[in-house]
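Student: Have a look at this one.
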Amino acid sequence: MLVGGFLGSGKTTLILAAARELQRRGLRSAMVWNDQGVELVDSRYAGLAGMRSGEVTGGCFCCRLSRLIEAMGDLRAHAPDVIFAEPVGSCTDLSATVLRPLLEYSDTYQLSPLTVLVDPLRAQAMLKEDADAGMRFLFDKQLQEADLVCFTKSDFFPDYPETGAPHVRQLSAKSGQGVAAWLDEVLSGTMATADRTLEIDYSEYARAEASLAWLNLRGVFEPRSLLSPAMLLGPLLDNLDATLTAGKISIAHLKAIVTASTGWVKAAICTNGQEPAVEGDLDASPAAKLELLLNLRALGEPAQVRDLVEQELHNLDNGLTHCAIDCFSPAAPVPERRILKAV
């Protein structure tokens, strides 16, 4: 089950909610996360939720198709009934480069329709005349190839803009609204899969992705005084948001998770100045050692983004003892395979 959608659309949250729903039905699930870099917040988050998962890193599913197939094969050792796969949030052309090649494995896997998730607030921003052209290109292409479009976060946004996409649904992974019905529909076998052929200029696709700075980091803190996960993550996220905004860096998605022996806290924002979505052990006790994973996708030059993030990390003065940062612009997508007509 491939669950796509733009950065911050709620893919991970829906997959974990769907996995819990399947568990209630007596079904096992697993998941494959995908990223251009390493040190993934999603993998840590899923692990804390007790989920089986694998990773395909260093490129999108289309460019690492053989590694996706290997990851799915590895997860079969745990006998899942459903394997969820979450592609990179800037990725498109998934029907031709991922689903159609996987149809050749129909003796092993049954493929569900390509679901593309849409954050209503993001959709409103993308439909404005001043929307970034590259981001609008990626957003539009994702919608154009979707077998099914689901507007997410309906608990916050009961209304959604008209995009012209067919087969539109609405759900909330947080409240559970529509999750069971979505699962029933995509698992029913009655909907067409990889049915829409996407016309796409790969040069424009590459330019759009290259406009993003892609930053992943892992940090270890041993503060002089005990510190809780929330006390570390809250100020860091606020300061990063303010610093990136002052530097005219537009946040596409910023998510981070702090773990300690006493608990964990995860927080995320999808645009500058947004109130963070926070979950985890907010009342976890202070600890002597904490680990931070942070994934940032933003419109800007990687060198500037890295400098601003490093500045805020050191400004915390919370005993940073280890820090590994990777910041870059994604390479041009080069699919392993591309099948333009359904098998």
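Student: Looking only at the range 330-343, count every residue that is surrounded by 15 or more Cβ atoms within 10 Å (Cβ to Cβ) and under 30 Å from Glu312 (Cα atoms) and tell me the total.
Tutor: 1
Student: Moving to a separate point now. Go through (1) open to solvent by 20 Å² or more (accessible area, probe 1.4 Å); (2) polar (S, T, N, Q); (3) at pLDDT 95 or above one by one and return the number of the condition Thr190 breaks.
Tutor: (3)
Student: Let me ask something else about it. Take the conditions open to solvent by 10 Å² or more (accessible area, probe 1.4 Å), among the polar types (S, T, N, Q), within 25 Å of Asn216 (Cα to Cα) and in contact with a helix residue (DSSP H, G or I) (Cβ under 6 Å, 6 or more places away or on another chain) and apply them to Ser53. Does it pass?
Tutor: Considered against the rule, which asks whether it is open to solvent by 10 Å² or more (accessible area, probe 1.4 Å), among the polar types (S, T, N, Q), within 25 Å of Asn216 (Cα to Cα) and in contact with a helix residue (DSSP H, G or I) (Cβ under 6 Å, 6 or more places away or on another chain), Ser53 comes out as yes.
Student: Every residue in the range 166-186 that is hydrophobic (A, V, I, L, M, F, W, C) and surrounded by fewer than 18 Cβ atoms within 10 Å (Cβ to Cβ), please.
Tutor: Scanning the range 166-186 gives Val168, Ala180, Ala181.
Student: So, one more: Identify all residues within the range 282-299 that are out of contact with any Leu (no Cβ under 7 Å at 6 or more places or on another chain) and open to solvent by 20 Å² or more (accessible area, probe 1.4 Å); write none if there are none.
Tutor: Once the filter is applied, which keeps residues that are out of contact with any Leu (no Cβ under 7 Å at 6 or more places or on another chain) and open to solvent by 20 Å² or more (accessible area, probe 1.4 Å), the range 282-299 yields Leu282, Asp283, Ser285, Lys289, Glu291.
Student: I'm checking my understanding of the structure. Among residues of the range 41-50 that are open to solvent by 10 Å² or more (accessible area, probe 1.4 Å), touching a residue at least 24 places away in the same chain (Cβ under 8 Å) and touching a Ser or Thr at 6+ places or on another chain (Cβ under 9 Å), which one is farthest from Gly10 (Cα to Cα)?
Tutor: That would be Leu48.
Student: Of the conditions (1) within 11 Å of the chain's Cα centre (by Cα); (2) farther than 30 Å from Gly219 by Cβ, Val3 fails just one. Which one is it?
Tutor: Unmet condition: (2).
Student: Looking for whichever is touching a residue at least 60 places away in the same chain (Cβ under 8 Å) and within 19 Å of the chain's Cα centre (by Cα) here; the options are Arg207, Arg218, Arg224. Which one fits? Let's see the steps before the verdict.
Tutor: Numbers: Arg207 fails: within 19 Å of the chain's Cα centre (by Cα); Arg224 fails: within 19 Å of the chain's Cα centre (by Cα).
From the options Arg207, Arg218, Arg224, the qualifying one is Arg218.
Student: Now, a different point. Kindly indicate whether any position in the range 307-323 is open to solvent by 40 Å² or more (accessible area, probe 1.4 Å), more than 20 Å from Thr243 (Cα to Cα) and in contact (Cβ under 8 Å) with a residue 24 or more places away in the chain.
Tutor: yes
Student: Something else now. From the list Leu308, Leu313, which one is out of contact with any Gly (no Cβ under 6 Å at 6 or more places or on another chain), outside any loop (DSSP other than H, G, I, E, B) and either among the β-branched types (Val, Ile, Thr) or over 30 Å from Ser175 (Cα atoms) (or both)?
Tutor: On inspection, the qualifying residue turns out to be Leu313.
Student: Among the residues of the range 201-255, write down those that are among the aromatic types (Phe, Trp, Tyr) and surrounded by 14 or more Cβ atoms within 10 Å (Cβ to Cβ).
Tutor: Scanning the range 201-255 gives Tyr205, Trp214, Phe221.
Student: Could you check the range 154-192 and list, in sequence order, the residues that are over 23 Å from Gln124 (Cα atoms) and among the charged types (D, E, K, R)?
Tutor: Selection gives Asp184, Glu185.
Student: Could you list, in sequence order, all residues of the range 9-33 that are under 10 Å from the mean Cα position of the chain (by Cα) and open to solvent by less than 10 Å² (accessible area, probe 1.4 Å)? Quick ask: steps written out before the conclusion?
Tutor: Restricting attention to the range 9-33, the residues satisfying the condition of being under 10 Å from the mean Cα position of the chain (by Cα) are 9-13, 33.
Those that are under 10 Å from the mean Cα position of the chain (by Cα) and open to solvent by less than 10 Å² (accessible area, probe 1.4 Å): Ser9, Trp33.
The values are calculated or read from the model by the stated rules, or taken from the named source; none is laboratory data. Source: prediction; values computed, not measured. Using ideal geometry, Cβ is built from the backbone for each residue, glycine included, and neighbour counts are taken over all protein chains shown. All accessible areas refer to the heavy atoms of the entire protein, side chains included, with ligands and DNA or RNA removed. Shrake-Rupley method; radii C 1.70, N 1.55, O 1.52, S 1.80 Å.
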